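Engineer: This is the structure I have questions about; it appears just below.
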Amino acid sequence: MIKLNFIPDQQRSRTAQLTGDDFGGVPGEVLVGGIAALIGFLLAVHLLFAVVAGYKFASYKILQVRWDMMGADKRAYDEVTNELKQLQTKMTELRPITSSQKLHWVNLLNDVSDSVPKGVWIRQISFDNGQLAIQGSAVSKIKNEMVEAGNFVSALKDRKSIKDNFISVDIESIQRRENTPGSIADFLLKAKRK
C-alpha cells in the first residue's frame with residue numbers, strides 16, 4: 001500500500017516519535033527496547049516477590065492453625081509435666097526416709113498396728129528429722145483411757161522394729177477431752193531414731 005501526502009513538509013503536523021534519531025550514539029529503538037526490558041524485568045521480580053510473600057503468608061497461617069489445634073494437647077502435656085515434677089519432688093523428699101536410714105516401714109507399721117490395744121485408735125503417724133510421732137486417741141467406758149494409752153506405749157516398746165530402730169517411745173502429751181459423752185483422751189507419742 002502506498003501513501004501519498006500532498007501537504008508540504010512545513011505544514012504537516014508533527015507526530016511525537018518514541019524513537020529519536022540518536023541518544024549518545026545509541027539508536028532510539030534500542031534505548032526504548034532496553035527501558036521496556038528493564039521495566040518488564042522489574043515487574044517480573046516484583047511479581048516473583050509477591051508470589052513468595054503469598055506462599056510464606058499461607059504457610060504462616062497453616063502453622064498458626066496447627067499451633068492453635070495443638071493448644072489443648074499442650075495444656076494436657078503441661079499438666080502431666082507439672083504433676084510429674086510434683087511427684088519427683090515428693091519422691092526426693094521420701095528417699096532419705098526410706099533408703100538411707102534403712103528403716104523398714106512395712107515391719108514398723110505392722111508392729112505399730114499389732115500393738116494397738118482395744119479402745120485405742122491412731123489418727124496420724126509422721127516421721128520428721130529422725131523422730132517418729134504417733135497421734136491417736138483412747139476411749140474407755142470405765143474411764144481408764146489414760147491407762148490404755150500407757151498400755152499402747154508399753155506394747156510398742158516390746159516390738160522388735162521399735163527396739164532396733166528407736167531409742168525409746170515416750171508419751172509427749174496426753175489430754176482428756178472435755179464435754180464428750182464418753183471418756184476420750186488424745187495422746188502424742190514420740191520416738192527418737194537411733
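Every number here is computed from the coordinates shown, using simple stated rules; none is lab data. Treat the numbers as computed from the prediction; the structure is a model and nothing was measured. FYI the Cβ positions are ideal-geometry reconstructions off the backbone, even for glycines, and counts take in every protein chain you see.
Engineer: In nm, what is the difference between 0.36 nm times the number of residues separating LYS157 and ARG75 and their Cα-Cα distance?
Structural biologist: Here the segment from LYS157 to ARG75 would lengthen by 24.3 nm.
Engineer: Just the ratio, please: alpha-carbon radius of gyration of segment 105-193 over 2.2 N^0.38 Å, N its number of residues.
Structural biologist: So segment 105-193 has a normalised radius of gyration of 1.06.
Engineer: At 222 nm, what helix-only mean residue ellipticity would the chain give, in deg cm²/dmol to the nearest 500, using -39500 (n - 2.57) for each DSSP H run of four or more?
Structural biologist: The helix contribution divided over the chain gives -17000 deg cm²/dmol.
Engineer: A further question follows. What angle, in degrees between 0 and 90 and rounded to the nearest 10, separates the Cα long axis of helix 145-157 from the longest principal axis of the Cα atoms of the chain?
Structural biologist: That works out to roughly 80 degrees.
Engineer: Does a label point 7 Å from the Cα of ILE184, set along Cα-to-beta-carbon, have any residues of segment 137-154 with amide nitrogen under 16 Å, and which are they?
Structural biologist: 137-146, 149
Engineer: Same structure again: What are the lysines whose alpha-carbon lies under 22 Å from the alpha-carbon of LYS160, with same-chain residues fewer than 8 places away excluded?
Structural biologist: Leaving aside lysines fewer than 8 places away in the same chain, those within reach of LYS160 are LYS102, LYS118, LYS190, LYS192, LYS194.
Engineer: What is the Å³ per residue value for the convex hull set by the Cα atoms of the chain?
Structural biologist: That works out to 386 Å³ per residue.
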